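Chemist: To start, I am sharing the structure in question, which I have written as structure tokens.
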Amino acid sequence: MIEREITIKNRAGLHTRPAASLVKLAAKFKSDFFIDKDGFEINAKSIIGVMTLAADQGSKLLLRFSGEDEEEACKAILELFESGFGEP
Amino acid sequence: MGLENLKETRKQSITVGFLFERNKSRLKLSSINGEVGFEKEIRDKNIHRPGLALAGYVALFTYDRVQVFGNTEMKYLHHLSLAERIKVFETIFKFEIPCIIITNDNKIDDELVRIATERGVAVLRSQFETTKLVYFLSDFLDDQFSPQTVLHGSFMDVYGIGVLLAGRSGIGKSEIALDLVERGHRLVADDVVMITRKGEGILIGAGTDVVKHFMEIRGLGLIDIRSIFGIRSIRFQKRLEIAVELQEWKQDADYTRTGLDHGNISILDVEIPHVKLPIFPGKNITVIVEVIALDYLLRHYGYDAPKEFSKRLDAAIAEKSKGKRAIDYFEHDFE
């Protein structure tokens, strides 16, 4: 299991479009992927789950990966968060 | 992925203001000293009647609970002189009391309210009698401080039974839920189900305020069940009674064949039946889920099909009857 803490960078937060790109990317991996925000944990392969977080700019999220391809999944997802989903 | 190792959370505190806002109409509450002490925190789900503390015995005074002044406390205070009353109040206000609730719409001296205000403690008054107030307030506090968890699955009311459909992402939980809604059953929540333990043995599930009755169907996107199917297709909360875990069919997995050995699963320390359902193309899961709910109802009312069958088999073995036809003699039936 891998755990990483990240902060939402883009101004608009984790709104519908970034949430969709996140779950699409997550679905490519076999590993389980969960996100914890302030003790509230959701399955990050579910678009509804990710949107429930309503994570705004500056929110701290704890990402948790577990499964056979957890390393690759973690790397790819972190890159997506780092890029701010291609938004300012 | 599923129902094990759930993360349990519970509220550490609520503010007096929150308690007042949520209960002012339900408990017919009013605040005597405005919004004084509304920011104070309540950390205990229990309520305290401070009779002994008023009488001067404060060794075991559970001061950090909501203090309810019923008729006993008020009558006791009123049999004292005003000077004595003020002294009693100054004694109990040496402790960090979260708030005071006076029941039966009883009167309280301005001097005592002034002491409470100086100490920044809210004095609330209810029109309810003490037993009624304690009952409703305990229930509210119990709910606020109860353990909660989040489940990933679809939560349905099927023939009045709360059924959680769990399983890995993309296995088709939402599609089965949609099919169940089509057949007249009601959706409670999809994908993010908040479970709360009520009392000691009951689990209640609800959706989140953001999602309500939205659902994602792969290849279609987000849909709103309430708008499409109307009010009869949804509900806001439901007791959770069965967990159905959808799994890919595996040749070597150990599925129950008789139903005598159904396992339970523990969610927030409450045991509920756990059905592991293998799925494969062409299998009508919706109908099976309906049957699971109906079978649960039968068991609830005392009829356990596998046990009945097993009893019959035992009887047949005892009588040494070997697979006889159920009907001794077929009369003519040429239809």
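The values are calculated or read from the model by the stated rules, or taken from the named source; none is laboratory data. As the structure is a prediction and not an experimental result, all values here were calculated from the model. For neighbour counting, all protein chains shown are included, and Cβ atoms are generated from backbone atoms with ideal geometry for every residue, glycine included. When the accessible area is computed, the model is the full protein with side chains, heavy atoms only, and any ligands, DNA or RNA have been set aside. Shrake-Rupley method; radii C 1.70, N 1.55, O 1.52, S 1.80 Å.
Chemist: From the list B:270, B:244, pick out the single residue that is in contact (Cβ under 8 Å) with a residue 12 or more places away in the chain, in contact with a Leu (Cβ under 7 Å, 6 or more places away or on another chain) and under 21 Å from residue B:305 (Cα atoms).
Modeler: Values: B:270 fails: under 21 Å from residue B:305 (Cα atoms).
It is B:244.
Chemist: With a cut-off of at least 1 residues that are more than 13 Å from residue B:233 (Cα to Cα) and not acidic (Asp, Glu), name the strands (runs of 3 or more DSSP E) lying wholly within region B:132-203. Walk me through it before giving the result.
Modeler: On the way: elements: B:148-151, B:154-158, B:161-166, B:186-190, B:193-198.
The qualifying strands (runs of 3 or more DSSP E) are B:148-151, B:154-158, B:161-166, B:193-198.
Chemist: Listed residues B:278, B:273; which is out of contact with any helix residue (DSSP H, G or I) (no Cβ under 9 Å at 6 or more places or on another chain), assigned by TED's automatic domain parsing to the domain that holds residue B:151 and surrounded by 11 or more Cβ atoms within 10 Å (Cβ to Cβ)? Break it down into steps so the answer makes sense when it comes.
Modeler: Numbers: B:273 fails: out of contact with any helix residue (DSSP H, G or I) (no Cβ under 9 Å at 6 or more places or on another chain).
The conditions single out B:278.
Chemist: Which ones in region B:205-260 are polar (S, T, N, Q) and either touching a helix residue (DSSP H, G or I) at 6+ places or on another chain (Cβ under 8 Å) or in a helix (DSSP H, G or I) (or both)?
Modeler: Quick first cut of region B:205-260, residues polar (S, T, N, Q) only: B:208, B:227, B:233, B:237, B:247, B:251, B:256, B:258.
Within region B:205-260, B:208, B:227, B:233, B:258 qualify.
Chemist: Report the residue count in region B:204-229 for those that are closer than 22 Å to residue B:240 by Cα and more than 10 Å from chain A (Cβ to nearest Cβ).
Modeler: The qualifying residues number 7.
Chemist: Taking residue B:199 as meeting all but one of (1) out of contact with any Lys or Arg (no Cβ under 9 Å at 6 or more places or on another chain); (2) open to solvent by less than 10 Å² (accessible area, probe 1.4 Å); (3) small (Gly, Ala, Ser), write down the number of the exception.
Modeler: (2)
Chemist: Consider only pairs whose beta carbons are under 7 Å apart and that are at least six residues apart or on different chains; among these, list those whose first residue lies in region A:67-88 and is over 19 Å from residue A:12 (Cβ atoms) and whose second residue is of a type in the set (Lys, Arg) and outside any helix (DSSP H, G or I).
Modeler: A:67/A:30; A:68/A:30; A:69/A:30; A:74/A:4; A:78/A:4
Chemist: For the structure I just gave you, tell me whether residue B:209 is assigned by TED's automatic domain parsing to the domain that holds residue B:46, at pLDDT below 95, of a type outside the set (Val, Ile, Thr) and open to solvent by 40 Å² or more (accessible area, probe 1.4 Å). Outline the logic, then answer.
Modeler: On the way: assigned by TED's automatic domain parsing to the domain that holds residue B:46: no; at pLDDT below 95: yes; of a type outside the set (Val, Ile, Thr): yes; open to solvent by 40 Å² or more (accessible area, probe 1.4 Å): yes.
Spelling it out, it is not the case that residue B:209 is assigned by TED's automatic domain parsing to the domain that holds residue B:46, at pLDDT below 95, of a type outside the set (Val, Ile, Thr) and open to solvent by 40 Å² or more (accessible area, probe 1.4 Å).
Chemist: Let me ask you something else. Tell me, which residue of region B:150-180 that is among the polar types (S, T, N, Q) and touching a Lys or Arg at 6+ places or on another chain (Cβ under 6 Å) is nearest to the other protein chains (Cβ to nearest Cβ)?
Modeler: Residues of region B:150-180 that are among the polar types (S, T, N, Q), as a first pass: B:154, B:169, B:174.
Subsequent filtering for residues that are touching a Lys or Arg at 6+ places or on another chain (Cβ under 6 Å) retains B:154, B:169.
Values: B:154: 10, B:169: 4 Å.
Residue satisfying both the conditions and the ranking: B:169.
Chemist: Taking region B:140-168 as the search range and keeping residues that are small (Gly, Ala, Ser) and in contact with a Ser or Thr (Cβ under 7 Å, 6 or more places away or on another chain), which one is surrounded by the most Cβ atoms within 10 Å (Cβ to Cβ)? First the steps, then the outcome.
Modeler: First, pick out the residues of region B:140-168 that are small (Gly, Ala, Ser): B:146, B:153-154, B:160, B:162, B:166-167.
From what's left, in contact with a Ser or Thr (Cβ under 7 Å, 6 or more places away or on another chain): B:146, B:154.
Values: B:146: 17, B:154: 28.
Ranking the qualifying residues of region B:140-168, first place goes to B:154.
Chemist: Please go through (1) at positive phi; (2) without any contact (Cβ under 8 Å) to a residue 12 or more places away in the chain; (3) not hydrophobic (A, V, I, L, M, F, W, C) for residue B:251 and return the number of the only condition it doesn't satisfy.
Modeler: Here residue B:251 meets the rest and fails (1).
Chemist: Related question: Going through region B:284-316 one residue at a time, which ones are at pLDDT 90 or above, among the aromatic types (Phe, Trp, Tyr) and surrounded by fewer than 15 Cβ atoms within 10 Å (Cβ to Cβ)?
Modeler: Residue satisfying the conditions is B:301 alone.
Chemist: So, in region B:112-131, exactly how many residues are assigned to a helix (DSSP H, G or I), open to solvent by 60 Å² or more (accessible area, probe 1.4 Å) and not polar (S, T, N, Q)?
Modeler: The first filter runs over region B:112-131 and keeps only residues assigned to a helix (DSSP H, G or I), leaving B:112-118, B:130-131.
Now restrict to residues that are open to solvent by 60 Å² or more (accessible area, probe 1.4 Å): B:114, B:118, B:131.
With not polar (S, T, N, Q) added as a condition, the list becomes B:114, B:118.
Residues in region B:112-131 being assigned to a helix (DSSP H, G or I), open to solvent by 60 Å² or more (accessible area, probe 1.4 Å) and not polar (S, T, N, Q): 2 in total.
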